[in-house]
1. Only one of 253, 224 is at pLDDT below 95 and within 11 Å of the ligand (Cβ to nearest atom); which?
2. May I ask you to list the residues in region 74-115 that are within 11 Å of the ligand (Cβ to nearest atom) and within 15 Å of the chain's Cα centre (by Cα)?
3. In region 152-177, what residues are assigned to a helix (DSSP H, G or I) and within 15 Å of residue 125 (Cα to Cα)?
4. What number of residues within region 78-102 are surrounded by fewer than 15 Cβ atoms within 10 Å (Cβ to Cβ) and more than 30 Å from residue 171 (Cβ to Cβ)?
5. Within region 236-244, is even one residue away from the ligand (no atom under 16 Å from the Cβ), surrounded by fewer than 24 Cβ atoms within 10 Å (Cβ to Cβ), under 14 Å from the mean Cα position of the chain (by Cα) and more than 14 Å from residue 92 (Cα to Cα)?
6. Would you call residue 122 in contact with a helix residue (DSSP H, G or I) (Cβ under 8 Å, 6 or more places away or on another chain), in a loop (DSSP other than H, G, I, E, B) and surrounded by 18 or more Cβ atoms within 10 Å (Cβ to Cβ)?
7. Which one of 276, 282 is without any contact (Cβ under 8 Å) to a residue 60 or more places away in the chain, outside any helix (DSSP H, G or I), surrounded by fewer than 23 Cβ atoms within 10 Å (Cβ to Cβ) and within 13 Å of the ligand (Cβ to nearest atom)?
Ligand code: GDP
């Protein structure tokens with residue numbers, strides 16, 4: 001289960017707070033020290049934790065809270081509010097612009113779940129009455145093209161490929177193909193690498209320039225914790241992301257990526273992957289995620 005360790009820890013801390021009739025400033029400090037440790041152990045970014053704790057503490061030691069009838073309850077509510085805010089506040093919708101076709105460019109490292117995720121996204125868009133076209137821009141591994149074609153067939157979405165041609169040319173050609181085949185959203189599955197390198201970034205920048213995407217979505221594996229956040233920061237600095245899709249949230253991720261990525265990069269999480277099946281993609285709701293983490 002995702003967040004299990006963090007949720008257990010927080011529930012323990014909150015149980016103690018709730019049990020007290022009267023809460024002093026000192027009690028708040030002690031509780032916040034424990035929350036701080038729990039977040040650090042869940043692999044949340046150090047600076048994010050520090051700011052978070054300070055914000056909660058500032059609000060929690062106010063007279064209205066400590067002298068209220070249910071101080072413990074109110075402090076828990078403050079933690080919930082701040083955690084929701086940390087993850088972006090409200091849900092962040094896809095912004096598909098007004099031109100046709102809209103262009104979504106998916107980027108990410110190999111193994112993050114990019115190819116699976118573009119298929120899931122296409123399926124979601126079909127359900128919304130859209131007509132997506134999947135585009136195989138990952139030309140370095142023939143298996144990747146095949147994988148996309150197989151997924152496309154499963155969900156009934158056409159896949160545009162030009163074999164191992166130049167990905168920039170493929171991306172450009174896919175827009176013409178979409179126009180002449182009445183597809184209204186182009187989703188580019190770009191090449192991943194094991195690590196970020198200049199060659200990869202150069203290629204992605206060239207694709208971006210060629211097709212001017214409405215959305216540049218980074219697909220990252222939530223299981224990799226702070227690494228996911230570092231990857232997001234690097235991609236955002238080089239490419240300018242419009243959002244993040246966090247995959248494998250059905251696994252036993254500790255929570256660091258979900259809680260840090262927005263605060264560190266400024267990019268909202270738009271969707272989360274909740275399994276290998278093609279309908280296991282969910283819109284990311286910061287408030288629901290905070291409820292889930294707090295247990
Ligand atoms: P790519 O190299 O980034 O294109 O990654 P793939 O799409 O090939 O996915 C790599 C592996 O992660 C595959 O086995 C997927 O089934 C799996 N995967 C992708 N998303 C999720 C998810 O949300 N949850 C789980 N449990 N597995 C996922």
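1. Numbers: 224 fails: within 11 Å of the ligand (Cβ to nearest atom).
None of the others qualify; the one that does is 253.
2. 106, 107, 108, 109, 112, 113, 114
3. Correct list: 152, 154, 155.
4. Within region 78-102, residues that are surrounded by fewer than 15 Cβ atoms within 10 Å (Cβ to Cβ) and more than 30 Å from residue 171 (Cβ to Cβ) number 2.
5. Yes, there is a match, as at least one residue in region 236-244 is away from the ligand (no atom under 16 Å from the Cβ), surrounded by fewer than 24 Cβ atoms within 10 Å (Cβ to Cβ), under 14 Å from the mean Cα position of the chain (by Cα) and more than 14 Å from residue 92 (Cα to Cα).
6. So residue 122 does not fit the description; no.
7. 282
The values are calculated or read from the model by the stated rules, or taken from the named source; none is laboratory data. Nothing here was measured: the structure is a model prediction, and the numbers come from that model. Note that we place each Cβ from the backbone using ideal geometry, even for glycine, and neighbour counts take in every protein chain shown.
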